[in-house]
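Peer 1: This is the structure, below, for whatever I ask next.
The values are calculated or read from the model by the stated rules, or taken from the named source; none is laboratory data. Owing to the predicted nature of the structure, the values given are computational and were not obtained by experimental measurement. Heads up, the Cβs are rebuilt from the backbone with ideal geometry, glycines too, and the neighbour counts pull from every protein chain shown.
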Amino acid sequence: MNCDNLIKKAIERNCDEPFVGGLELVGWIINRSHVDFANVEFATGRPNVISAFPLTSGAHAFPVYQTGKKPFAGSTKTLNTSDLGGYVTNRVQFIILDNSPEVSADIVDPILDGEFVFIQENKAKHLTDETHPGESAFEVKGFYQGLTLAEGSLDPYSDDANGGWSIALEEEKSPVSGLFLDAGSYSATKTLINTLVNGAE
Amino acid sequence: MNYEEIKRRVSAWGTQFEFSTADRAAIEQMYFDVLGKHIRNCNCPDRYRDAVIELRIFTKNHLTMEKAKYVLKAGVVIQPSGTSEVYTNDNLTDAVAEQFLKERPGARGLFEVIPNTAAEEKGPENEKEAANSADIDALRAENESLKAELAKMTEYRNRAVADLDALVKKIEESNIVLEPREPEKTAEEESDDANKGEQEPAGDKKTAANGLNPEIYAAIKARLEAGDTKSAIVADYVGMEVDGKALTKYGVEKYFTAIKAENPAE
């Protein structure tokens with residue numbers, strides 16, 4: 001956390017790697033109560049980078065597959081102000097292209113009252129960064145305050161959701177503008193995410 | 001299913017062009033058992049073939065290797081210093097895990113399972129705990145034994161109280177009047193009484209029975225035996241307070257009479 005409130009870097013264009021917006025087609029949702037917070041490790045000297053993201057015994061992450069040209073469209077970060085200082089609102093939006101008793105019971109109903117952490121993969125990954133290649137690829141949302149339901153709907157005639165569920169989760173008052181997952185390299189972090197999905201075995 | 005069986009079946013599937021329903025079910029099951037995840041649920045035509053390829057690669061790379069006793073938590077990969085190798089539970093070895101923990105002892109929380117090393121390091125502490133545990137067990141056993149003893153004694157007491165109540169009731173019903181008895185003398189008291197009897201001279205007893213003072217009796221007798229005259233003795237004893245009364249001449253003469261009656265020869 002930057003407690004001195006001093007900017008420490010020039011605001012400039014990244015000439016080493018062209019900046020591209022957007023998100024990859026797959027994200028990962030985790031029940032926040034399954035995060036083993038006591039053993040989460042941050043990269044040394046990098047308060048916005050998580051290097052180890054252990055889950056409690058038996059828990060695992062669930063992939064969220066999206067389709068189309070704009071996966072997770074509506075996922076945003078908003079900077080806000082208050083009398084006590086600024087804060088960040090993270091929003092994660094996704095489509096569930098299905099509707100069934102299992103979808104209701106196993107996904108939508110838990111979302112009604114649950115608290116979640118979400119990992120999204122940016123298209124801009126900083127793969128050419130010399131010291132931390134791939135450090136920008138994976139972002140964690142909901143770590144500090146938890147993501148909870150902000151909006152959700154199912155419109156059988158909706159073109160945006162193709163008749164499926166449209167869900168928006170929000171984390172309010174996050175103290176940081178970005179929290180990244182970086183196990184040392186892009187491939188190491190991708191492997192880490194695979195272990196999140198597969199659980200400890 | 002052992003490694004050899006897995007390898008054999010995966011190898012056989014690798015030569016097939018199509019999979020039967022039974023094969024598909026078996027592939028799904030093995031994919032989950034070996035890789036710990038489900039085959040992707042999509043309409044991809046080659047999903048089973050892809051799964052078999054993935055299984056073949058995995059078995060070739062990993063199944064010959066003995067599985068590590070250490071298990072990392074989900075969401076953790078380790079990269080020992082000085083190497084570019086990243087370890088997960090799929091390729092972790094005990095040696096790598098031990099080396100990693102030696103470098104970073106504070107990172108134990110990243111492991112789901114750490115085989116008995118913790119217990120070994122805490123050897124003496126464990127022994128102490130074991131000893132304490134044995135003591136606690138012994139005390140518990142003793143406590144149980146005492147409880148049983150207490151229950152037994154309580155039962156005896158209740159039975160005795162019940163018997164006593166029944167007896168009292170019986171006595172009340174039969175109208176028997178119980179007179180209080182003199183307390184029985186102890187052996188010591190009886191012995192004291194016997195000694196007293198031996199110490200008291202027979203004459204004194206007689207004298208006491210005549211209403212004479214035994215000390216005065218003895219003293220007058222001694223003076224008579226010593227040859228003192230009766231008049232001198234009378235002179236000395238008249239007026240002397242004996243048993244709360246002043247001794248008269250007649251009273252002294254009663255002593256003379258009693259002494260003479262006891263010793264007629266004199």
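Okay, residues lined up against (1) of a type in the set (Ser, Thr, Tyr); (2) at pLDDT 95 or above:
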position: A:120; (1), (2): no, yes
position: A:127; (1), (2): no, no
position: A:132; (1), (2): no, no
position: A:139; (1), (2): no, yes
position: A:144; (1), (2): yes, yes
position: A:151; (1), (2): no, yes
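Peer 1: Give the residue, chosen from A:144, A:186, that is touching a Ser or Thr at 6+ places or on another chain (Cβ under 6 Å) and buried (at least 16 other Cβ atoms within 10 Å of the Cβ).
Peer 2: On inspection, the qualifying residue turns out to be A:144.
Peer 1: For residues that are assigned to a loop (DSSP other than H, G, I, E, B) and among the small types (Gly, Ala, Ser), scanning just the stretch A:153-174, find the one that is nearest to the other protein chains (Cβ to nearest Cβ).
Peer 2: Among those residues, the one meeting the criterion is A:164.
Peer 1: Report yes if some residue within the stretch B:10-19 is at pLDDT 80 or above, under 29 Å from residue A:67 (Cα atoms) and in a helix (DSSP H, G or I); otherwise report no.
Peer 2: There is no residue in the stretch B:10-19 that is at pLDDT 80 or above, under 29 Å from residue A:67 (Cα atoms) and in a helix (DSSP H, G or I).
Peer 1: Output the residues belonging to the stretch A:1-26 that are of a type in the set (Gly, Ala, Ser) and either over 27 Å from residue A:85 (Cα atoms) or within 14 Å of chain B (Cβ to nearest Cβ) (or both).
Peer 2: Result: A:21, A:22.
Peer 1: Let me ask something additional. Hey, can you tell me all the residues within the stretch A:1-14 that are of a type in the set (A, V, I, L, M, F, W, C) and modelled with pLDDT of 85 or more?
Peer 2: Hits for the stretch A:1-14 are A:6, A:7, A:10, A:11.
Peer 1: Could I ask something else about it? Could you list, in sequence order, the residues of the stretch A:14-71 that are polar (S, T, N, Q) and surrounded by 15 or more Cβ atoms within 10 Å (Cβ to Cβ)?
Peer 2: A:31, A:39, A:48, A:51, A:56, A:66 - these are the residues of the stretch A:14-71 that are polar (S, T, N, Q) and surrounded by 15 or more Cβ atoms within 10 Å (Cβ to Cβ).
Peer 1: While we're looking at this one, here's another question. Please determine, by comparing only the residues of the stretch A:175-201 that are among the hydrophobic types (A, V, I, L, M, F, W, C) and more than 10 Å from chain B (Cβ to nearest Cβ), which one is nearest to residue B:85 (Cα to Cα).
Peer 2: A:180
Peer 1: How many of the residues in the stretch A:27-54 are β-branched (Val, Ile, Thr) and within 11 Å of chain B (Cβ to nearest Cβ)?
Peer 2: Matching residues across the stretch A:27-54 total 4.
Peer 1: Another one. Determine whether the stretch B:33-41 contains at least one residue that is touching an Asp or Glu at 6+ places or on another chain (Cβ under 6 Å) and in a loop (DSSP other than H, G, I, E, B).
Peer 2: Yes, because at least one residue in the stretch B:33-41 is touching an Asp or Glu at 6+ places or on another chain (Cβ under 6 Å) and in a loop (DSSP other than H, G, I, E, B).
Peer 1: Checking residue B:73 against (1) of a type in the set (Lys, Arg); (2) over 29 Å from residue A:37 (Cβ atoms); (3) at pLDDT 85 or above, only one condition comes out false. Which one?
Peer 2: Going through the list (1) of a type in the set (Lys, Arg); (2) over 29 Å from residue A:37 (Cβ atoms); (3) at pLDDT 85 or above, residue B:73 breaks only (2).
Peer 1: Suppose we filter the stretch B:61-99 for residues that are within 12 Å of chain A (Cβ to nearest Cβ), farther than 30 Å from residue B:12 by Cβ and not small (Gly, Ala, Ser); how many remain?
Peer 2: 13
Peer 1: Name the residues in the stretch B:51-99 that are assigned to a helix (DSSP H, G or I), in contact with a helix residue (DSSP H, G or I) (Cβ under 7 Å, 6 or more places away or on another chain) and surrounded by 17 or more Cβ atoms within 10 Å (Cβ to Cβ), would you?
Peer 2: B:51, B:52, B:55, B:59
Peer 1: Which of the numbered conditions does residue A:73 fail, given that it passes all the others? Conditions: (1) among the aliphatic types (A, V, I, L, M); (2) farther than 23 Å from residue A:196 by Cβ; (3) outside any loop (DSSP other than H, G, I, E, B).
Peer 2: Unmet condition: (3).
Peer 1: Ok, one more. Among the residues of the stretch B:42-60, is any within 11 Å of another protein chain (Cβ to nearest Cβ) and over 21 Å from residue B:8 (Cβ atoms)?
Peer 2: The answer is yes; a qualifying residue exists.
Peer 1: In the stretch A:55-66, which residue that is within 11 Å of chain B (Cβ to nearest Cβ) and assigned to a loop (DSSP other than H, G, I, E, B) is nearest to residue A:137 (Cα to Cα)?
Peer 2: Once the filter is applied, the top-ranked residue is A:61.
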